[in-house]
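**Student:** Questions regarding the structure given below will be posed in turn.
The values are calculated or read from the model by the stated rules, or taken from the named source; none is laboratory data. Everything numeric here is computed off the predicted structure, so don't read it as measured data. Ideal geometry is used to build each Cβ from the backbone, glycine not excepted, and the neighbour counts take in all protein chains shown.
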Amino acid sequence: MNRRGAQLGIASIARLAVFGLGLGISTALRWARFFPNNDPIMAVTLPYAKRGRVTAAAFPALAMVLFDLLSRRVGIWTLVTAGTYGLIGLGFSSLYSKRAAHGRVVGRGTFFLSGIAGVLVFDFITGPVMSSALFQMSFAQAFVGQVPFTIKHLVSVSLYAVVVSPLLDWALGRVERVEGAIRSRFAAEASRGA
């Protein structure tokens, strides 16, 4: 393997390991059921959204599908929730990219506000909109029935967004710094060998 291949291999393995760690954390926290409507997916998605569109869309979709597979609840709802989470992740990726381009930091406060906004969008789409379409109930009934669920979801995501999101963001930042050091070392060795 050449230097560039080794460099990319090490970086890819590190990123894949942190991605897998995020899936593991998200799934374990959902199984633990610390809160009513315990859902860490949004909070774990946010640090990935800070780093790019692919992980911003892939992580929440895979986390939803993985949990539904493990809990044996795969169905049309899996597609709806995974797709909705993926689109929300893409939206946050675009937003964070614009913030970074303007020199604005994406951190704990941003994760907290994003978690709230993401839950409101997610619960609106998967609650009143999809429930009224899939279960032949009126939009008003679905909307009113969604309110207590969304309040619990907001509490859960808010707590995860101020604790889990910054920790995962820190871990991802460490991986990025190690990748930078590896790239610098390979570049220095390449320039000496040239």
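**Student:** Only one of (1) touching a Phe, Trp or Tyr at 6+ places or on another chain (Cβ under 8 Å); (2) free of Cβ contacts under 8 Å to residues at least 60 places away in the same chain; (3) of a type outside the set (A, V, I, L, M, F, W, C) is not met by GLY115, so which one is it?
**Tutor:** Of the numbered conditions (1) touching a Phe, Trp or Tyr at 6+ places or on another chain (Cβ under 8 Å); (2) free of Cβ contacts under 8 Å to residues at least 60 places away in the same chain; (3) of a type outside the set (A, V, I, L, M, F, W, C), the odd one out for GLY115 is (2).
**Student:** If the requirement is being modelled with pLDDT of 75 or more, small (Gly, Ala, Ser) and surrounded by fewer than 17 Cβ atoms within 10 Å (Cβ to Cβ), which of these qualifies: GLY180, GLY145, GLY193?
**Tutor:** One residue alone meets the criteria, GLY145.
**Student:** When the residues of the stretch 148-177 are narrowed to those that are at pLDDT below 85 and over 19 Å from GLY109 (Cα atoms), which ends up surrounded by the most Cβ atoms within 10 Å (Cβ to Cβ)?
**Tutor:** Per the stated criteria, the residue is VAL175.
**Student:** Looking at the stretch 80-138, which of the residues that are aromatic (Phe, Trp, Tyr), part of a helix (DSSP H, G or I) and out of contact with any Ser or Thr (no Cβ under 6 Å at 6 or more places or on another chain) is surrounded by the most Cβ atoms within 10 Å (Cβ to Cβ)?
**Tutor:** The extreme case among them is TYR85.
**Student:** Please enumerate the residues belonging to the stretch 119-152 that are closer than 20 Å to ILE76 by Cβ, among the polar types (S, T, N, Q) and touching a residue at least 12 places away in the same chain (Cβ under 8 Å).
**Tutor:** Selection gives THR126, SER131, GLN146.
**Student:** Do the conditions hold for GLY52, that is, is it under 15 Å from the mean Cα position of the chain (by Cα), surrounded by fewer than 16 Cβ atoms within 10 Å (Cβ to Cβ) and at pLDDT 80 or above?
**Tutor:** When the stated conditions are applied, GLY52 passes them.
**Student:** Further, regarding this structure: For the stretch 28-49, give me each residue that is modelled with pLDDT under 85, surrounded by 19 or more Cβ atoms within 10 Å (Cβ to Cβ) and either small (Gly, Ala, Ser) or in contact with a helix residue (DSSP H, G or I) (Cβ under 6 Å, 6 or more places away or on another chain) (or both).
**Tutor:** Within the stretch 28-49, ARG30, ASP39 qualify.
**Student:** Within the stretch 79-94, can you find the residues that are touching a residue at least 24 places away in the same chain (Cβ under 8 Å) and not small (Gly, Ala, Ser)?
**Tutor:** Of everything in the stretch 79-94, those that are touching a residue at least 24 places away in the same chain (Cβ under 8 Å) and not small (Gly, Ala, Ser) turn out to be VAL80, THR81, THR84, TYR85, LEU87, ILE88, LEU90, PHE92.
**Student:** While we're looking at this one, here's another question. Among ARG72, ARG51, which is the only one that is of a type in the set (D, E, K, R), out of contact with any Asp or Glu (no Cβ under 6 Å at 6 or more places or on another chain) and free of Cβ contacts under 8 Å to residues at least 12 places away in the same chain?
**Tutor:** From the options ARG72, ARG51, the qualifying one is ARG72.
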